[in-house]
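Beneath this line is the structure, given in structure tokens, with notes to follow.
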Amino acid sequence: MSSIDRSQSAGGTRTYEVRTYGCQMNVHDSERLSGLLEDAGYVRASEGADGDADVVVFNTCAVRENADNKLYGNLGHLAPKKASRPGMQIAVGGCLAQKDRDTIVKRAPWVDVVFGTHNIGKLPVLLERARVQEEAQVEIAESLEAFPSTLPTRRESAYAAWVSISVGCNNTCTFCIVPALRGKEKDRRPGDILAEVEALVAEGVSEITLLGQNVNAYGSDIGDREAFSKLLRACGNIDGLERVRFTSPHPRDFTDDVIAAMAETPNAMPQLHMPLQSGSDPVLKAMRRSYRQERYLGIIEKVRAAIPHAAITTDIIVGFPGETEEDFEQTLHVVREARFAQAFTFQYSKRPGTPAAEMDDQIPKAVVQERYERLVALQEEISWEENKKQVGRTLELMVAEGEGRKDGATHRLSGRAPDNRLVHFTKPDQEVRPGDVVTVEITYAAPHHLLAEGAVLDVRRTRAGDAWEKRNATEQAKPVGVLLGLPKIGVPEPQPAVASGCGCD
């Protein structure tokens, strides 16, 4: 009996829900988990299911503060639902599952499956085994079984896609536990990556993001130090691929050939996310970040010289153990010099299993909070000033889906500029679909978005828009978006230390 037959024989088509927390790598993994379940005959639960699906999968993060408490709280909420619904299953995967292993089943014995970061492809088999054997299945692989991108997928977007180029990380940052959970870096073959990109473009995708814990270290596993810049240039030769982005690089490995490739490849977008973490050389040393302030600012200067309109974003940790007021002032100095378009700011918090958690001179919470607020205030000022420089520019936007929370009330649509700035624009008379491209003139700037209040200058219907329209027409229910635990820009609640690429960038 096939997986599809089994799932339907249990009382009709079974539904699933995937709840995702953490970085882009987890988001990409969740798209694969959805694809695996649909390939096994499951159907995605309707929006707002809130645990009413037949299978609920938690894709967890071990970097966020109180990640375990949040997980067990959610599992506790589902316990009575599961008790009243025979056949319902709960699975827990991701970094926290890799870290805690049997602990999850001990604390939440109603969980059916626990799987790690290296064996997401086993989820349908483990669910079926748990159903047949009527006992929890815990399977944590110690090494990667398959690259996420080789598995079936259920992409969140019809017009944009993640493409994994490597997994794991060879860095040893003292604040980060991710390398212990994701393993050492392992690179995909360039031909496999480009074949996937070409296949995505054939499906209508017009924007791809190359994804890895440390993307510009790509090639270390295959013995080619310029492999990443060659990959960027190769993406530039793929017909129909309009935008190429990547996340996240590491300053140590960011070389001149990558800057040249970004500047000379037409579809490489003028955007760079470059984690800083701290502007203080002593703190960077304590973090085991193998660059210093001068090196970091030198990279920024080179990027700006080669790509004048590049928008540069970053990650910054406030209150790392031993950070003095003088250290913090050095971070503020780099922020002023670099003039980031946006910064993801975090308050340091201990992560069990990391060297930083055992360091002396942990900074009092009140001191960390005060420094954090000063940093956010400075970055808000700079973000607004940098956005004001966009007023009067004519930009091509890729129309986005679900990015403007107030679009319905304001009769606007939203899109992303080439540098990834969010732009809300006046809805034109003609139909515009997500994935299509519009040309607008920027009329107003806020710290975290731009407005184009005049008439749209041009609308270009695209194959990506066609792909969105085809998907929308064939789906009876709107897809449930993954629940990103990503940090907010601006003045959010204090966040723990983690970079956008899972904390090891």
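The values are calculated or read from the model by the stated rules, or taken from the named source; none is laboratory data. Computed from a prediction, not measured in an experiment: that's the story for all the values here. So basically every Cβ, Gly included, is an ideal-geometry build from the backbone, and we count neighbours across all protein chains shown. All accessible areas refer to the heavy atoms of the entire protein, side chains included, with ligands and DNA or RNA removed. Shrake-Rupley method; radii C 1.70, N 1.55, O 1.52, S 1.80 Å.
Give just the number: which of (1) farther than 18 Å from I222 by Cβ; (2) touching an Asp or Glu at 6+ places or on another chain (Cβ under 7 Å); (3) of a type in the set (S, T, Y) does S166 not satisfy?
(1)
Which residue pairs have Cβ atoms closer than 6 Å, lie 6 or more positions apart in sequence or on different chains, and pair a first residue in region 343-364 that is closer than 23 Å to M274 by Cα and among the small types (G, A, S) with a second residue that is assigned to a loop (DSSP other than H, G, I, E, B) and open to solvent by 70 Å² or more (accessible area, probe 1.4 Å)?
S349/E65
Select, from R85, R131, the only residue that is basic (K, R), surrounded by fewer than 16 Cβ atoms within 10 Å (Cβ to Cβ), touching an Asp or Glu at 6+ places or on another chain (Cβ under 9 Å) and farther than 28 Å from A158 by Cα.
After applying the criteria, what remains is R85.
Picking from T345, T354, which residue would you name as being of a type in the set (S, T, N, Q) and in contact with a Cys (Cβ under 7 Å, 6 or more places away or on another chain)?
Matching residue, one of T345, T354: T354.
Checking P109 against (1) assigned to a helix (DSSP H, G or I); (2) open to solvent by 60 Å² or more (accessible area, probe 1.4 Å); (3) modelled with pLDDT of 90 or more, which single condition isn't satisfied?
(1)
Residue-wise test of (1) farther than 22 Å from E134 by Cα; (2) open to solvent by 10 Å² or more (accessible area, probe 1.4 Å); (3) at pLDDT 90 or above.
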position	(1), (2), (3)
V55	no, no, yes
N59	yes, no, yes
A67	yes, yes, no
L75	no, no, yes
K81	no, yes, yes
I90	no, no, yes
C95	yes, no, no
K99	yes, yes, no
